[in-house]
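The values are calculated or read from the model by the stated rules, or taken from the named source; none is laboratory data. Because the structure is predicted, anything quoted here is derived from the model rather than measured. Using ideal geometry, Cβ is built from the backbone for each residue, glycine included, and neighbour counts are taken over all protein chains shown. Note: accessible area is taken over every heavy atom of the protein model, side chains too, but ligands, DNA and RNA are not part of it. Shrake-Rupley method; radii C 1.70, N 1.55, O 1.52, S 1.80 Å.
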Amino acid sequence: ERALSRLELKTRSGSLIPAETRIWAGTWNDKECIFCLSKDLRSEHEALQKFVKLFENNPALMSITDIADRHITEVNTAFLEKTGYSPEEVVSHSAEELELFPDSGTIEELTGILREKGTLRNREIQLRCKNGKTLFGLVSGDILEYQGKRYFLTVMVDISDQVELRTLYANQNQRLESIIESANLGTWEWNITTGEMIVNERWAEIVGYSIDELAPISLDTWKGLLHPEDLAPVMLLLDRNLSRETSTYEIEFRMRHKTGYWVWVLARGKITEWTAKGKAHRM
């Protein structure tokens, strides 16, 4: 019967070498003896030390989970600081026991991906802290094997601030769309670099069209609808905007309706984006 042990070996100079030693009984030249086979683990030990240092000092939330029983074996400082747990409250417990995920299906989803592909990349999840606060993160993970056991290594980048900004932007955009819709305004956005224009349904309705009928919409589409007598003053003011002589664009002009009559409109605009070379890019 063979025994496996991690015993340090002492060199002639007295220094210690981390080693993995296998010991078993047998016979040699008809004599009973004990065989020992030692493997030098210095390179593995150095790699492990580097991993431990990287694991502990990484600003991302990192954890290691035993695949067999789903118990967490290690977490780094960032994990503890962000979630508010102590090591004793986390280690040797499962994510289910701690209710780390507000969505009960998250664990099965992540586990399934790791088991099938062996790796996980940038999956957005929610993580519940000890105080009940929810963190939003991008999780990546891999399967590790160490001393004959398999583990999940997961790394989560906290994107809570970005999610909050994204939600704020979505709410503001929704309010803006509601205001525009209730005011019955036609909107337009002009990519000056490409000439492409994006308009809403109301803009197209003002001249009797649907967006599909006008597509693809560009500056030439707009100019083609202008009254010939209004084209020169409209473009003159536009050129003054592009050259920064004026900061805003506001002018009345006529546009041809689909049925043939002329519609008076008041157009307002502003250049909102410039290129690195100072050229107007978006209006």
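Since Leu176 meets every condition but one in (1) in a helix (DSSP H, G or I); (2) more than 27 Å from Leu219 (Cα to Cα); (3) aliphatic (A, V, I, L, M), which condition does it not meet?
Among (1) in a helix (DSSP H, G or I); (2) more than 27 Å from Leu219 (Cα to Cα); (3) aliphatic (A, V, I, L, M), Leu176 violates only (2).
Just to check your reading of the model, which residue among Asn200, Asn184, Asn173 is in contact with a helix residue (DSSP H, G or I) (Cβ under 8 Å, 6 or more places away or on another chain), more than 30 Å from Glu74 (Cβ to Cβ) and either acidic (Asp, Glu) or loosely packed, with under 11 Cβ neighbours inside 10 Å (or both)? Quick ask: steps written out before the conclusion?
Values: Asn200 fails: either acidic (Asp, Glu) or loosely packed, with under 11 Cβ neighbours inside 10 Å (or both); Asn173 fails: in contact with a helix residue (DSSP H, G or I) (Cβ under 8 Å, 6 or more places away or on another chain).
Just a single option satisfies the conditions, and that option is Asn184.
Pairs needed: first member in the stretch 5-27, over 13 Å from Ser38 (Cα atoms); second member anywhere, in a strand (DSSP E or B) and open to solvent by 50 Å² or more (accessible area, probe 1.4 Å); C-beta distance under 8 Å; at least 6 residues apart or different chains.
Sorted first by the residue in the stretch 5-27, then by its partner, the pairs are Leu16/Leu9; Leu16/Lys10; Ala25/Glu32; Ala25/Ile34; Ala25/Phe35; Gly26/Glu32; Gly26/Ile34; Gly26/Phe35.
Kindly indicate whether Glu99 is open to solvent by 60 Å² or more (accessible area, probe 1.4 Å), within 22 Å of Leu138 (Cα to Cα) and touching a residue at least 12 places away in the same chain (Cβ under 8 Å).
Numbers: open to solvent by 60 Å² or more (accessible area, probe 1.4 Å): yes; within 22 Å of Leu138 (Cα to Cα): yes; touching a residue at least 12 places away in the same chain (Cβ under 8 Å): yes.
Yes.
Of the numbered conditions (1) open to solvent by 60 Å² or more (accessible area, probe 1.4 Å); (2) among the charged types (D, E, K, R); (3) at pLDDT below 90, Glu74 satisfies every one except a single condition; which is it?
Of (1) open to solvent by 60 Å² or more (accessible area, probe 1.4 Å); (2) among the charged types (D, E, K, R); (3) at pLDDT below 90, only one is false for Glu74: (3).
In the stretch 114-149, which residues are among the hydrophobic types (A, V, I, L, M, F, W, C) and surrounded by fewer than 16 Cβ atoms within 10 Å (Cβ to Cβ)? Before you say what the answer is, go through the steps one by one.
First, pick out the residues of the stretch 114-149 that are among the hydrophobic types (A, V, I, L, M, F, W, C): 114, 120, 125, 127, 129, 135-136, 138-139, 143-144.
Once the filter is applied, which keeps residues that are among the hydrophobic types (A, V, I, L, M, F, W, C) and surrounded by fewer than 16 Cβ atoms within 10 Å (Cβ to Cβ), the stretch 114-149 yields Cys129, Ile143, Leu144.
Looking at Leu214, Leu236, Leu242, can you tell me which residue is open to solvent by less than 90 Å² (accessible area, probe 1.4 Å), out of contact with any helix residue (DSSP H, G or I) (no Cβ under 7 Å at 6 or more places or on another chain) and modelled with pLDDT of 90 or more? Let's see the steps before the verdict.
On the way: Leu214 fails: out of contact with any helix residue (DSSP H, G or I) (no Cβ under 7 Å at 6 or more places or on another chain); Leu236 fails: open to solvent by less than 90 Å² (accessible area, probe 1.4 Å).
One residue alone meets the criteria, Leu242.
Taking Arg42, is it of a type outside the set (Val, Ile, Thr) and loosely packed, with under 14 Cβ neighbours inside 10 Å?
Numbers: of a type outside the set (Val, Ile, Thr): yes; loosely packed, with under 14 Cβ neighbours inside 10 Å: yes.
Spelling it out, Arg42 is indeed of a type outside the set (Val, Ile, Thr) and loosely packed, with under 14 Cβ neighbours inside 10 Å.
Among all residue pairs at least 6 apart or on different chains, which show Cβ distances below 8 Å where the first residue, located in the stretch 165-194, is on the phi > 0 side of the Ramachandran plot and the second is assigned to a helix (DSSP H, G or I) and modelled with pLDDT of 85 or more?
Asn184/Arg202
Counting only residues that are in contact (Cβ under 8 Å) with a residue 60 or more places away in the chain and within 19 Å of the chain's Cα centre (by Cα), which one in the stretch 150-164 is surrounded by the fewest Cβ atoms within 10 Å (Cβ to Cβ)?
Filtering the stretch 150-164 down to residues in contact (Cβ under 8 Å) with a residue 60 or more places away in the chain leaves 150-158.
Next cut, within 19 Å of the chain's Cα centre (by Cα) only: 153-158.
Numbers: Leu153: 18, Thr154: 25, Val155: 20, Met156: 22, Val157: 14, Asp158: 17.
Ranking the candidates gives Val157 first.
Within the stretch 57-79, is there a residue that is basic (Lys, Arg), within 28 Å of Gly141 (Cα to Cα) and free of Cβ contacts under 8 Å to residues at least 60 places away in the same chain?
yes
Among the residues in the stretch 264-272, are any among the basic types (Lys, Arg) and closer than 14 Å to Trp190 by Cβ? Let's see the steps before the verdict.
The first filter runs over the stretch 264-272 and keeps only residues among the basic types (Lys, Arg), leaving 268, 270.
When the remaining residues are screened for being closer than 14 Å to Trp190 by Cβ, the result is 268, 270.
Yes, the stretch 264-272 has at least one match.
Do the conditions hold for Val163, that is, is it part of a strand (DSSP E or B) and not small (Gly, Ala, Ser)?
Details: part of a strand (DSSP E or B): no; not small (Gly, Ala, Ser): yes.
Here the answer is no, as Val163 does not meet what is asked.
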